[in-house]
Amino acid sequence: RCVQETGINAEYMGNQNNHRHKLMASGQTQNSLTNQISKDSDRFQPEGDRYHLYISYLCPFAHRTYIVRNLKGLQNHIGLSNTHSTYQKTKPEQDDHAGWVFRNESDPPITNVLGNGSFPSEGCIPDTVNNCKTVRELYELSGFPEVKFSVPVLWDKKEKVIVNNESADIMRIFNSAFNDLSTNPALDLYPEALRPQIDNFNNGLFTALNNNLYKCGFAKAQAEYDVAVNIVFEQLDKIEELLDKQRYVAGERFTEADIKLFVVLVRFDEVYLSLIHI
């Protein structure tokens with residue numbers, strides 16, 4: 001269903017909204033907005049009901065920020081909007097860009113950009129902060145009309161700007177910056193004692209797995225695909241060996257590394273096997 005809803009096929013894979021994955025496959029980074037929230041910040045202080053999180057449940061990068069927000073018990077302090085999982089044209093009168101759009105749960109079903117299917121708005125949470133209809137509008141409202149319009153987006157309602165759109169940063173912001181407001185402040189997903197193990201996993205096994213999943217999808221030749229798919233299963237074997245010896249990725253304690261791995265593995269059969277043909 002995820003593949004049907006986005007409407008991705010061989011032709012549509014070149015859409016601008018897949019830019020994040022193309023950059024990952026090439027080892028590049030996108031134009032990230034990476035401001036931090038902390039008590040030491042001159043601009044972005046950790047305050048209740050000041051920030052809003054924009055996500056799509058479909059996106060693994062956004063999904064992991066949503067998980068941390070909820071595990072830390074920040075639902076009453078950081079608002080949430082969830083896009084429809086089906087890409088739509090964002091400015092059809094101006095260009096061909098298709099991306100994330102906001103809908104009300106009661107809105108009628110929509111087709112994907114290829115005109116196929118009928119996909120309900122169940123689970124959608126509209127933009128109650130800025131009343132934007134697309135994620136693209138958020139970036140334009142914040143003064144970034146030329147970057148890629150990705151989720152997640154962490155928004156500052158006070159200054160009316162995007163604070164951060166890098167999921168790894170947002171996970172750590174939620175993990176520690178709002179502990180005075182959190183209902184679960186004792187939960188530390190990036191404990192100092194385990195940071196070497198977490199960083200080694202994030203930068204090693206996990207990066208190799210994640211990047212090569214998308215290299216499979218964007219391979220232009222069979223040989224490229226063969227190299228990438230072999231690396232994917234080599235990393236999965238290594239991860240299985242690791243988890244045979246210990247309960248969690250970094251040892252006997254649940255950390256951000258487990259969340260990052262989970263959102264990939266939970267999509268493996270339903271998305272990567274179908275969309276990327278692993």
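The values are calculated or read from the model by the stated rules, or taken from the named source; none is laboratory data. Quick caveat: nothing in here was measured; it's all calculated off a predicted structure. Please note: Cβ atoms are built from the backbone with ideal geometry, for glycine as well, and neighbour counts cover all protein chains shown. For accessibility, only protein heavy atoms count, side chains too; no ligands or nucleic acids. Shrake-Rupley method; radii C 1.70, N 1.55, O 1.52, S 1.80 Å.
Please give the length that would be gained between residue 192 and residue 273 if that part of the chain were fully extended, namely 0.36 nm times their separation in residues minus their C-alpha to C-alpha distance (nm, one decimal).
Between residue 192 and residue 273, full extension yields an extra 25.6 nm.
Here r is the Cβ-Cβ distance between residue 160 and residue 184 and R0 is 25 Å; the resulting FRET efficiency, rounded to 0.05, is 0.30. Post the alpha-carbon centroid distance, region 135-166 to region 203-271, in whole angstrom. That distance is 29 Å.
Extension gain for the segment residue 131 to residue 236, taken as residue separation times 0.36 nm less the Cα-Cα distance, is 33.6 nm to one decimal.
Between residue 248 and residue 71, residue separation times 0.36 nm minus the direct Cα-Cα distance comes to 62.0 nm. In the chain, excluding the sites themselves, the longest stretch lacking any of the GluC sites (Glu not before Pro) that are in a DSSP loop with at most 16 other Cβ atoms within 10 Å is 160-251.
Solvent exposure of the chain amounts to 47 Å² per residue of accessible area, where only protein heavy atoms count and the probe is 1.4 Å. For a straight C-alpha distance cut-off of 17 angstrom, the aspartates and glutamates reachable from residue 148 (same-chain residues fewer than eight places away being disregarded) are 95, 96, 137, 140, 166. Taking amide H atoms as placed 1.01 Å from N in the peptide plane, list the residues 5 or more away in sequence, or in a different chain, whose amide H sits under 5 Å from that of residue 163. So residue 163 has HN proximity to 154, 155, 156. Split the accessible area of the chain by element, probe 1.4 Å, and carbon with sulfur accounts for 47%.
Loop-resident trypsin sites (Lys or Arg not before Pro) (DSSP state other than H, G, I, E or B) in region 180-255 with no more than 11 further Cβ atoms inside 10 Å of their Cβ: 220, 247.
Remark: region 198-214, residue by residue, has Karplus-estimated 3J(HN,Hα) of 5, 5, 5, 5, 4, 8, x, 4, 5, 4, 5, 5, 5, 5, 6, 4, 7 Hz, where x stands for each Gly or Pro and the curve is 6.51 cos²θ - 1.76 cosθ + 1.60 at θ = phi - 60°. For the chain, the share of DSSP beta bridges that are antiparallel, to the nearest 5, is 75%. In order along region 115-121, phi translates into HN-Hα couplings of x, 9, x, 8, 10, x, 9 Hz, rounded to whole numbers, per the Karplus curve 6.51 cos²θ - 1.76 cosθ + 1.60 with θ = phi - 60° and x for Gly and Pro.
Within the shell defined by Cβ-Cβ distances under 15 Å, the residues around residue 194 carry a net charge of -1, with Lys and Arg each +1 and Asp and Glu each -1. Here the sum of -39500 (n - 2.57) over DSSP H runs of 4 or more residues, divided by the residues of the chain, equals -10000 deg cm²/dmol at 222 nm, to the nearest 500.
Residues of region 86-100 falling in the label zone of residue 122, defined by backbone nitrogen less than 15 Å from a point 7 Å along Cα to beta-carbon, are 86.
Checked against a 31 Å cut-off, the cross-linked pairs 91/215; 215/238; 72/158; 91/157; 157/220; 133/238 give Cα-Cα distances beyond that limit for 157/220; 133/238.
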